[in-house]
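Shown next, in structure tokens, is the structure this report addresses.
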Amino acid sequence: PPPVYSLDGLLVFGLLLVCTCAYLRKVPRLKAWLLSEKRGVWGVFYKAAVIGTRLHVAVAVSCILMAFYVLVVK
């Protein structure tokens with residue numbers, strides 16, 4: 001099965017989404033275009049950006065642990 005359907009695949013996807021949205025929030029033009037909606041489908045990107053900026057230490061540690069898991073354990 002594709003790795004998206006496994007738990008570690010979903011965790012990797014979620015971490016990448018949060019990190020990407022937090023990065024895009026720092027770019028003013030993209031922030032106004034992509035992260036302006038707070039509800040609906042586009043609101044997911046806004047919420048991921050908020051999580052990435054407010055919990056940046058926890059997200060960074062999670063990324064490091066997931067990289068170790070994917071490269072060494074798996």
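Is region 31-41 home to any residue that is within 15 Å of residue 11 (Cβ to Cβ) and either of a type in the set (Val, Ile, Thr) or assigned to a helix (DSSP H, G or I) (or both)? Before you say what the answer is, go through the steps one by one.
In the first step, residues of region 31-41 are kept if they are within 15 Å of residue 11 (Cβ to Cβ); the result is none.
Looking for residues that are within 15 Å of residue 11 (Cβ to Cβ) and either of a type in the set (Val, Ile, Thr) or assigned to a helix (DSSP H, G or I) (or both), one finds none in region 31-41, hence no.
Taking interchain pairs and intrachain pairs at least six residues apart, which have beta carbon atoms under 6 angstrom, with the first residue in region 8-22 and among the small types (Gly, Ala, Ser) and at pLDDT below 90 and the second in a helix (DSSP H, G or I) and surrounded by fewer than 18 Cβ atoms within 10 Å (Cβ to Cβ)?
From region 8-22, the pairs are 9/3.
Checking residue 64 against (1) on the phi > 0 side of the Ramachandran plot; (2) part of a helix (DSSP H, G or I), which single condition isn't satisfied?
(1)
Kindly check whether there is at least one residue in region 47-59 that is out of contact with any helix residue (DSSP H, G or I) (no Cβ under 7 Å at 6 or more places or on another chain) and crowded, with 18+ Cβ neighbours inside 10 Å.
No, every residue in region 47-59 fails to be out of contact with any helix residue (DSSP H, G or I) (no Cβ under 7 Å at 6 or more places or on another chain) and crowded, with 18+ Cβ neighbours inside 10 Å.
Quickly run through region 1-30 and pick out the residues that are of a type in the set (Ser, Thr, Tyr) and not in a loop (DSSP other than H, G, I, E, B). Break it down into steps so the answer makes sense when it comes.
Just the residues of region 1-30 that are of a type in the set (Ser, Thr, Tyr), to begin with: 5-6, 20, 23.
5, 20, 23, listed by residue number.
The values are calculated or read from the model by the stated rules, or taken from the named source; none is laboratory data. Not measured: the values here are computed from a predicted model. Positions of Cβ are generated from backbone atoms using ideal geometry, with glycine treated the same way; all protein chains shown enter the neighbour counts.
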